[in-house]
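What follows is calculated from the coordinates using simple rules that are stated; it is not laboratory data. Since this is a predicted model, take the numbers as computed values, not measurements. Don't worry about glycine lacking a Cβ; one is built from the backbone with ideal geometry, like all the others, and counts go over all protein chains shown.
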């Protein structure tokens with residue numbers, strides 16, 4: 001189907017079903033959501049516009065001419081030294097909070113505020129945009145809060161054990177509720193059977 005044909009069908013088929021599942025309301029909603037996301041990103045980036053770019057890359061110490069990491073995250077590493085699968089990997093906000101035991105205030109309020117990159121959700125564009133953070137900056141923030149990797153691992157282990165205890169208590173509570181329910185059901189069944197038994201005795205021939 002050509003672009004002209006597709007456009008003609010969209011304009012002359014108001015029915016959602018006939019038009020192949022497209023609705024103008026969906027398009028308007030998507031456009032509005034993108035405008036809001038873009039505006040939020042611009043406001044967040046404007047706070048860092050006055051930052052002075054370092055002269056050299058913190059890795060190779062060569063002049064910092066081209067640096068996507070600096071433009072996006074204020075991280076002074078040139079494009080040649082950028083490691084997308086290692087320390088410069090981008091991590092979604094939810095994963096960042098879970099992996100490094102961070103709270104919203106640690107990302108949004110604690111100084112310096114961490115920069116993020118807003119992107120469409122790859123699983124469903126209608127979901128809220130993802131906020132992606134730089135791994136090395138998350139690690140640095142985690143160390144600021146917990147002091148060292150050892151303290152962080154100790155806190156992580158403590159929270160894991162507390163989570164297991166809560167899960168075990170919830171399981172025991174559910175088992176207790178099930179037993180009580182079964183006990184009540186058995187008692188009711190016994191009463192009903194006893195009632196019918198007495199009725200049968202009453203009407204049984206001597």
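Extending each Cα 7 Å along its Cβ direction at residue 31 and residue 139, get the distance between those two points in nm, one decimal.
Modelled inter-label distance: 4.5 nm.
Give me the distance in nm between label points sitting 7 Å out from Cα along the Cα-to-Cβ direction at residue 60 and residue 188, one decimal.
Distance between label points: 7.5 nm.
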